[in-house]
1. Filter region 56-73 down to the residues that are among the hydrophobic types (A, V, I, L, M, F, W, C) and either open to solvent by less than 90 Å² (accessible area, probe 1.4 Å) or under 20 Å from residue 123 (Cβ atoms) (or both) and list them by number.
2. Residue check, residue 27 against (1) open to solvent by 10 Å² or more (accessible area, probe 1.4 Å); (2) under 14 Å from residue 80 (Cα atoms); (3) small (Gly, Ala, Ser), all met but one. Which one?
3. Looking at region 9-28, can you tell me whether even one residue there is basic (Lys, Arg) and either at pLDDT 95 or above or under 14 Å from residue 125 (Cα atoms) (or both)?
4. Which fully enclosed helices (runs of 4 or more DSSP H) of region 41-136 have 1 or more residues being in contact with a Ser or Thr (Cβ under 7 Å, 6 or more places away or on another chain), at pLDDT below 90 and under 24 Å from residue 21 (Cβ atoms)?
5. Confirm whether residue 36 is of a type outside the set (S, T, N, Q) and surrounded by 16 or more Cβ atoms within 10 Å (Cβ to Cβ).
6. Out of (1) modelled with pLDDT of 95 or more; (2) in a helix (DSSP H, G or I), what's the single condition that is false for residue 31?
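The values are calculated or read from the model by the stated rules, or taken from the named source; none is laboratory data. All values reported here derive from a predicted model rather than from experimental measurement. All Cβ positions, glycine included, derive from the backbone under ideal geometry; neighbour counts span all protein chains shown. With ligands, DNA and RNA removed, areas are computed over all heavy atoms of the protein, side chains included. Shrake-Rupley method; radii C 1.70, N 1.55, O 1.52, S 1.80 Å.
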Amino acid sequence: MRVLGVDFGSRRVGLALGDTESGLATALATLPNDAALFEAIGRVCRERGVEAIVVGLPLNMDGSRGPQAERATEFADRLGSHLGLPVETWDERLSTAEVERALLAGGLSRKKRKARRDRLAAQLILQSYLDARRGR
């Protein structure tokens with residue numbers, strides 16, 4: 001089954017594509033969080049044969065839900081209703097920070113890091129989800 005991973009942000013939304021059979025996630029795209037977002041995600045889902053969506057849930061370090069987690073949950077609910085696909089949230093604590101550290105270690109400029117950060121965070125979220133499904 002093809003699964004779309006989503007790193008939801010107030011300005012940008014990162015996307016990754018994965019497959020439950022192979023267990024691999026691949027960074028896909030970064031989209032602006034604007035009025036055309038749901039249509040753009042829907043187009044990606046149709047073109048790529050996506051059957052389910054995983055949206056990163058930015059919980060606080062103690063596991064509680066803050067304002068951003070509530071926004072991500074609301075986004076996930078609206079996305080599922082709009083696309084008619086099952087949408088699940090997945091704990092993404094520190095995914096963006098982990099991606100940023102890796103990009104810094106790779107010596108990328110600020111501009112190049114910004115261009116890749118969101119889709120790589122989506123890949124990390126989706127890979128974690130796929131790994132958990134496979135019992136790794």
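1. Taking region 56-73 as the starting set, the residues that turn out to be among the hydrophobic types (A, V, I, L, M, F, W, C) are 57, 59, 61, 69, 72.
57, 59, 69, 72, listed by residue number.
2. Of the numbered conditions (1) open to solvent by 10 Å² or more (accessible area, probe 1.4 Å); (2) under 14 Å from residue 80 (Cα atoms); (3) small (Gly, Ala, Ser), the odd one out for residue 27 is (2).
3. no
4. Numbers: elements: 67-83, 95-105, 110-134.
In region 41-136, 110-134 are the helices (runs of 4 or more DSSP H) which contain 1 or more residues that are in contact with a Ser or Thr (Cβ under 7 Å, 6 or more places away or on another chain), at pLDDT below 90 and under 24 Å from residue 21 (Cβ atoms).
5. Working: of a type outside the set (S, T, N, Q): yes; surrounded by 16 or more Cβ atoms within 10 Å (Cβ to Cβ): no.
Judged against the criteria, residue 36 is not a match.
6. That leaves (2) as the condition not met.
So that you can scan it fast, the table gives a plain yes or no per residue for (1) within 18 Å of residue 128 (Cα to Cα); (2) touching a residue at least 60 places away in the same chain (Cβ under 8 Å); (3) open to solvent by less than 70 Å² (accessible area, probe 1.4 Å):
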{"position": "5", "(1), (2), (3)": "yes, yes, yes"}
{"position": "10", "(1), (2), (3)": "no, yes, no"}
{"position": "41", "(1), (2), (3)": "no, no, yes"}
{"position": "54", "(1), (2), (3)": "yes, yes, yes"}
